[in-house]
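The structure appears right after this line, and notes come after that.
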Amino acid sequence: MSTLTEVASGYRAGRTLPLRVELVRQLKRRRTLVMGAVLALLPFVLLIAFAVGGDPGGRNDQVTLMDTATASGANFAAVNLFVSAGFLLVIPVALFCGDTVASEASWSSLRYLLAAPVPRARLLWSKLVVALGLSLAAMVLLPLVALAVGTAAYGWGPLEIPTGGALDTGTAAQRLLVAVGYVFVSQLVTAGLAFWLSTRTDAPLGAVGGAVGLTIVGNVLDAVTALGHWRDFLPAHWQFAWADAVQPHPEWAGMIQGSVISVTYALVLFALAFRGFARKDVVS
């Protein structure tokens, strides 16, 4: 009986699979490098598009954020965030969170990690923290590169508001930081879906594709106006609430409500992932 309860000398469950080890493993993977390259290239693609097609202009005397893209580096960064928040930024979140556990299962290395022994909760916690960290890094990378590219192309200046007025550079930087933070929070639902699916399947593409697909379904449902106020409970309904932060007088109600809904869904999905994985028979 004593041999069953003995613990190896020096073993500490909290020291298994350190975050730095998991982070280095994920940073070395090709999909991480490819995703980073794609996000870093988007500002250059938009820059070329504006160079070829000319400066954007308002239609029917209506000026949108897109029409101010070439006004300054801050405007260019805001436009990059606007065009990518709806779908492009969903992909790295789904990829990093959906691939993290399922890939280990597909490589038949998951059971060896657990036999190390790494406690199941510790393994999931390490992978989730690193996946969310990489997702946040992806969302910060895009506007940073866009700000640098836009400043080089259009100059450093205030953020011009489509409805009139402008934010000075210091205020604009703070508001853009708030916007990036909100976009990250709004994508926690996708992260939760991807992570939960990653613990349920041995196919990484199934987890990633499932999370992206369900996110798209949410966007489609939000477009169905017949649902009325039921759309307020859809995370997709609040995904562009960050635009209220880049106004002369910001409105926080939409971002607060969107954040509450996103965090609530995400916590439920993360809890389901941990609960299901704790009882799962890992054979791969």
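Listing for the model above:
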read-out	value
Within segment 190-210, tally of residues that are open to solvent by less than 20 Å² (accessible area, probe 1.4 Å) and within 15 Å of residue 268 (Cβ to Cβ)	6
Count of segment 240-260 residues which are polar (S, T, N, Q) and at pLDDT 90 or above	2
Neighbours by Cβ (under 7 Å, 6+ apart or cross-chain): first from segment 242-258, assigned to a loop (DSSP other than H, G, I, E, B); second open to solvent by less than 30 Å² (accessible area, probe 1.4 Å) and at pLDDT 90 or above	246/78; 246/179
Per-region count, segment 248-260, residues surrounded by fewer than 19 Cβ atoms within 10 Å (Cβ to Cβ) and either in contact with a helix residue (DSSP H, G or I) (Cβ under 8 Å, 6 or more places away or on another chain) or under 16 Å from residue 175 (Cα atoms) (or both)	9
Hey, residue 217 of a type outside the set (Phe, Trp, Tyr), out of contact with any helix residue (DSSP H, G or I) (no Cβ under 8 Å at 6 or more places or on another chain), part of a helix (DSSP H, G or I) and at pLDDT below 95 or not	yes
Output for segment 11-32, where each listed residue is more than 16 Å from residue 204 (Cα to Cα), modelled with pLDDT of 80 or more, open to solvent by 70 Å² or more (accessible area, probe 1.4 Å) and charged (D, E, K, R)	20, 25, 28
Selection within segment 261-281 - surrounded by fewer than 17 Cβ atoms within 10 Å (Cβ to Cβ) and at pLDDT below 90	276, 278, 279, 280, 281
Criterion violated by residue 118 - all others in (1) surrounded by fewer than 22 Cβ atoms within 10 Å (Cβ to Cβ); (2) assigned to a helix (DSSP H, G or I); (3) out of contact with any Phe, Trp or Tyr (no Cβ under 6 Å at 6 or more places or on another chain) satisfied	(2)
Condition met for residue 77 (more than 13 Å from the chain's Cα centre (by Cα), within 18 Å of residue 240 (Cβ to Cβ) and buried (at least 22 other Cβ atoms within 10 Å of the Cβ))	yes
Candidates 102, 152, 146 - the one that is of a type in the set (A, V, I, L, M), part of a helix (DSSP H, G or I), open to solvent by less than 10 Å² (accessible area, probe 1.4 Å) and farther than 21 Å from residue 275 by Cα	146
Sole residue being modelled with pLDDT of 85 or more, within 23 Å of residue 188 (Cα to Cα) and of a type in the set (Gly, Ala, Ser), chosen from 74, 102, 69, 49	102
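For (1) touching a strand residue (DSSP E or B) at 6+ places or on another chain (Cβ under 6 Å); (2) hydroxyl-bearing (Ser, Thr, Tyr), each residue gets a yes or a no:
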position: 133; (1), (2): no, no
position: 158; (1), (2): yes, no
position: 171; (1), (2): no, yes
position: 187; (1), (2): no, no
position: 194; (1), (2): no, no
position: 218; (1), (2): no, no
position: 234; (1), (2): no, no
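The values are calculated or read from the model by the stated rules, or taken from the named source; none is laboratory data. Fair warning: this is a prediction, and the values are worked out from it, not measured in the lab. In this analysis, Cβ positions are derived from the backbone assuming ideal geometry, glycine residues included, and neighbour counts consider all displayed protein chains. Keep in mind that these areas ignore ligands, DNA and RNA; they rest on the heavy atoms of the full protein, side chains included. Shrake-Rupley method; radii C 1.70, N 1.55, O 1.52, S 1.80 Å.
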